[in-house]
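Down below is the structure, laid out as structure tokens.
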Amino acid sequence: MAYSYTALLPGNQLSKRHIYRKHHVDVDSSEQKVSILLNGEESELYFVNCTSTKEEIDRAEPPDAFVVIYSVIDKASFQKAEQELARLLDCDMLRSRPALLVGNKIDLARSRAVSTQDGKCLACTYKAKFIEVSVGINHNVDELLVGILNQIRLKQQQYSAEGGRESSPAHWYKSRGVVRASMKARQMLTWIFGKEDTKFKNCENLNVL
């Protein structure tokens, strides 16, 4: 039996056609899904595209994960990604569901406008996972798909282990400005001492929460 999960791509910059073509899925069909075998268990990952998170947050059945994608050659798309993450946080959607921040088009290195460090900093601010990909040359696409599924499973296992209880909103929620300032300070120390902070490393590890 294959388990089914849904990943929402708000305001996305990722071409479905590249992902689905590689995995032999008809992008013009009503069912836009990818079948993934992970740890001997098959799952179907459905992708839902929307122009903003608000229209999907009001759905009867929220998605199992949020995948926020920007282009590393487009600063405006990075700012839009931050806005989408902020909306999800304000709507209290990130405590029980994983979020992944994805930087696309890293093959266009000479045109890069958003650094990897800035991407990590933003991901850490919202307790999201971070990965950079190039859909055009299929770099890290498989890792992204497996990572999405892995994060969904890990989050659900955590939720079950806690007896279906979510962490306290007062404890979990912090001012974005305070958290962002803290992450910027960590980033500055990384530049000074040349040693990457553990939180920055962990945000790229899609095998742990």
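The values are calculated or read from the model by the stated rules, or taken from the named source; none is laboratory data. Because the structure is a prediction, the values reported are computed rather than measured. Note: ideal-geometry Cβ built from the backbone for every residue, glycine included; neighbour counts use all protein chains shown.
Within the stretch 97-125, the only residue that satisfies the criterion of being touching a residue at least 60 places away in the same chain (Cβ under 8 Å), under 20 Å from Ala7 (Cα atoms) and touching a Phe, Trp or Tyr at 6+ places or on another chain (Cβ under 6 Å) is Ala123.
Within the stretch 69-92, if we keep just the residues that are modelled with pLDDT under 95, among the charged types (D, E, K, R) and assigned to a helix (DSSP H, G or I), the residue that is surrounded by the most Cβ atoms within 10 Å (Cβ to Cβ) turns out to be Glu84. The residues listed here are Lys174, Lys184; of these, the one that is at pLDDT below 95, assigned to a helix (DSSP H, G or I) and either of a type outside the set (S, T, N, Q) or surrounded by 18 or more Cβ atoms within 10 Å (Cβ to Cβ) (or both) is Lys184.
Taking the stretch 126-138 as the range and being more than 21 Å from Asp92 (Cβ to Cβ) and surrounded by 15 or more Cβ atoms within 10 Å (Cβ to Cβ) as the test, the residues that pass are Phe130, Ile131, Glu132, Val133, Ser134, Val135. When the stretch 122-163 is filtered for residues that are part of a strand (DSSP E or B) and either closer than 16 Å to Glu42 by Cα or hydroxyl-bearing (Ser, Thr, Tyr) (or both), only Ser134 remains.
Yes or no, residue by residue, for (1) small (Gly, Ala, Ser); (2) modelled with pLDDT of 95 or more; (3) surrounded by fewer than 22 Cβ atoms within 10 Å (Cβ to Cβ):
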residue: Ser96; (1), (2), (3): yes, no, yes
residue: Asp107; (1), (2), (3): no, yes, yes
residue: Ala113; (1), (2), (3): yes, yes, yes
residue: Cys124; (1), (2), (3): no, no, no
residue: Gln156; (1), (2), (3): no, no, yes
